[in-house]
Each structure stands twice: as C-alpha cells, then as structure tokens.
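The values are calculated or read from the model by the stated rules, or taken from the named source; none is laboratory data. Small disclaimer: the values here were computed from a predicted structure and weren't measured. A quick note on method: Cβ atoms are made from the backbone with ideal geometry, for glycine too, and the neighbour counts reach across all protein chains shown. Only protein heavy atoms, including side chains, enter the accessible area calculation; ligands, DNA and RNA are left aside. Shrake-Rupley method; radii C 1.70, N 1.55, O 1.52, S 1.80 Å.
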Amino acid sequence: MNILVTGGAGYIGSVVSHQLIEKGHKVIVYDNFSTGYKEALHQNCKFVLGDVRDRELPARVMRDNKVDLVLHFAAKLNVPESIINPLDYYDNNFLGTLNLLQCCERSGVSKFIFSSTAAVYGDTQKKLVSEDDDLKPINPYGESKFFSERALFSQSKTNKMNFISLRYFNVSGASNDLSLGQRSLGSFNLIKNLCDVVLGYKEQLEVFGADFPTPDGFGVRDYIHVEDLAAAHVVAAEKLYDSQGLVNEVYNCGYGKGYSVKEVIDAFSRITGKAVPYTIRPRRAGDPAAVVADVSKIKAELSWKPQNEDLYKICESTLNWFKKTRNA
Ligand SMILES: NC(=O)c1ccc[n+]([C@@H]2O[C@H](COP(=O)([O-])OP(=O)(O)OC[C@H]3O[C@@H](n4cnc5c(N)ncnc54)[C@H](O)[C@@H]3O)[C@@H](O)[C@H]2O)c1
C-alpha cells in the first residue's frame, strides 16, 4: 500500500509509520513540523514538508505517489490551549481535515483513517463508553475532532469516501526500542507529569480531586500503550484497503480497564522504589470521574491483539523515554 501519513513526524504518527514500513508498506509523511521532529522519521519514508491546510500540495502528493490510503494524525491537541485559542483549533484540526478530504476527492483517494479522541464523548457518566454513546465534547479540541468526524460521515454517504475513525483514550509509552516518544504536550498528562516529578523537574504532583465517586476517590482513566495503538492503525489500514463495500466505522482504542490517579502514582513508586510526593487540589470543572473505553467492537471486528496491556510497563516505558530525551 502507498500510505500518506499526515502528522507522521509526531508522537503517534511516527510509531505508526515505523510499523507500516516494517510491514512493507510505502509511507509518505506529510508534516509541517509544528510539533513534529525530523529524528522521528524512518530512514525509508518519503518526507514532504507541508501544511494540511495547503489547498494544492496534499492533492499533488497523493497523485504523484499513487496514494491508496490516508492516515490523518496532523492536529493540535492541547486542551487548555484550545480553550484560550479556539479558532486555531477549528482552523488547524477541522478545516485541515476538510481540506484534506477535498484533496482526496480531487485526487481519487477514497480510504481514510482518522485520529479521533475520547474527548468527543465529553463528560460521560457511563461506566464504559461505547462508540454509540452521545457525543458532547466540552472543549474546542474535542469539538474540532467531532466536526471532523461529522464531515467524514457526510462524505462517506456520497460513496466517495470510506473511513475508520479511531477514538484514542489516554496514550502513553514510547516505542519498544525507545527511539520514538512524546515530545509535544498531549491533552492529558498524568504520566508525563509523574515522570517530571520522579526526574526532579517538579517538586510534587498536583492531583485535581480525590473525592470522585470512584472506589478510591481519585479520577479513573484508560491508558493505552502507543505501540498497541499503532498496531490498531496497521490492522485498520489493512482492513480498509481490502474492503469492497462502504466503510464508515468508529472504534474506541483503549484497553477497557481503568486505573485511578492513585494507582498510577503507586505504579511510579514501585518502579522507582520511592514514594512519589503529591498534593490534592480541588476538582477542575469538566473533569469526569471516570473515562474507560468499551473495546468490544475493535476486538471483535479488527482482530487487534494488544501486547502491552500493563500499567507498570506503560509507566516504565514513558519514564525511560523521558530519562533519555530530557538528558539529551
Ligand atoms: N497523544 C494523545 O494522547 C492523543 C489522544 C487522543 C487523540 N490524539 C490524536 O492523535 C493525533 C496525533 O497526536 P500526537 O500525540 O502524535 O501529537 P504530536 O503533536 O506529537 O503530532 C502531531 C503532528 O502533526 C503535525 N501537524 C500539526 N498540525 C499540522 C498541520 N496543520 N499540517 C501538517 N502537520 C501538522 C505536527 O508537526 C506533529 O508532527 C492527533 O490528531 C491527536 O488529536 C492524541
């Protein structure tokens, strides 16, 4: 397959690109380096410096490289920043996706995998969040992804586009060889913040709320290792490429198991052999008590088999990455 990977110089897009290349696919990374970095590019990928909002370049790249499928990661993803500068988020994320879809239409590309997020669900009250649940994003970042998904659905109804949207829960960890990891700030950063405390860059962790209606009172989230998330993209891309009829599917990407903030802190204490200092602050507006994915659909339909379903492993991998890059 010839695959265009927008945002392939970033955290998740780079791990996916490496896995695709290792499986023999041809990857063209398209990135504006706003948060991406050249060291993340695989030596065998083709790289095009460009912005997804460019009206012409993406279509030309698709035609010149006979692109079969687009994997669209390029986005801004800092939630607090999206509240301060909402228009930047609608522009980069929503208009960027819209422009890319128009480029696909003009160059005859009809297969698309979209990086979505659990933020499209908003303040969910359900124990497990499933793909059919109501979508009520509570910040411009989540809205920019929600609008993009709507555009994908509408375009798929014209039979000109087949797509899979993957809604990621909390992504963490680095590539197995520690060559790729997170450099930009993601939307939820408990594990990164814990690394900062453990490595001495922060005195203590601030925990927002310990009075949630959860077993230990701390907020609960579903953490997924980036290598497993990347593997989900590979199986999704291969399924979409082989499909004949209309595909417009959404899949949650998590493990379906939640860990509380306290359990994550305890994992770091076990890894380092020391208690991790933290202080409890009041809850922040809009922080749901628990967000855990129902992953029955992806497991049944994409034959995706995660290999790193282990909180300790995820925390250790992230810590090793930050040890390596913070000292670089
Ligand atoms: N990291 C997470 O926890 C998480 C969770 C849910 C969803 N996502 C989604 O996954 C995708 C990738 O996130 P990431 O964590 O790898 O972020 P990242 O910042 O590391 O990567 C984003 C990449 O996109 C590029 N980019 C941004 N805007 C661009 C534009 N207009 N034109 C061209 N390139 C552009 C950046 O340079 C960067 O290489 C995003 O769509 C994000 O919304 C991430």
* Structure fact -> Given a 1.4 Å probe, the accessible area of the range 1-132 per residue, as a whole number of Å², is 43
* the range 10-67 versus the range 101-120: alpha-carbon centroid distance in Å -> 15
* Structure fact -> In this structure, among K46/K157; K38/K66; K145/K299, pairs with alpha-carbon gaps over 27 Å are K46/K157
* Taking +1 at the Cβ of each Lys and Arg and -1 at the Cβ of each Asp and Glu, which of L190, Y241, N162 sits farthest along the dipole of the range 159-308 towards its positive end, judged by Cα position relative to the Cα centre? -> L190
* Quick one: helix 311-326 against the long Cα principal axis of the chain, what's the angle to the nearest 10°, folded into 0 to 90? -> 80
* **Computed FRET value (nearest 0.05) for D134 with R284, which takes r as the C-beta separation and R₀ as 25 Å** => 0.70
* **Around L240: net Lys/Arg minus Asp/Glu count, Cβ-Cβ under 14 Å** => -3
* Return the carbon/sulfur percentage of the accessible area of the chain, one whole number, probe 1.4 Å, all protein chains in place. => 49
* Asked: Does anyone have the angle between helix 226-242 and the longest principal axis of the chain? Alpha-carbon axes, 0 to 90°, nearest 10?
  -> 20
* Determine the gain in length on full extension of the stretch R183-E39; use 0.36 nm per residue of separation and subtract their C-alpha separation, reporting nm with one decimal. => 50.7 nm
* On a 0 to 90° scale, report how tilted helix 261-272 is relative to the longest principal axis of the chain, with both axes built from alpha carbons and the result rounded to the nearest 10. => 80
* Structure fact -> Neighbours of S115 by Cβ distance under 11 Å: Lys/Arg at +1, Asp/Glu at -1, summed charge +1
* Average silhouette area of the chain, convex hull of alpha-carbon atoms, in square nanometres -> 15.6
* Amide N of the range 263-289 lying under 20 Å from the label point, which is placed 7 angstrom from the Cα of E203 along Cα→Cβ -> 275-282
* To do: Name the long-range amide H neighbours of N248: under 5 Å, sequence gap of 5 or more, or other chain; modelled H, no Pro or chain starts.
  => F163
* Structure fact -> Two pseudo-spin positions, 7 Å from Cα along C-beta at E105 and at S243, lie apart in nanometres by 2.0
* Radius of gyration and Dmax for the range 221-328's Cα atoms, expressed in Å? -> 17.4, 55
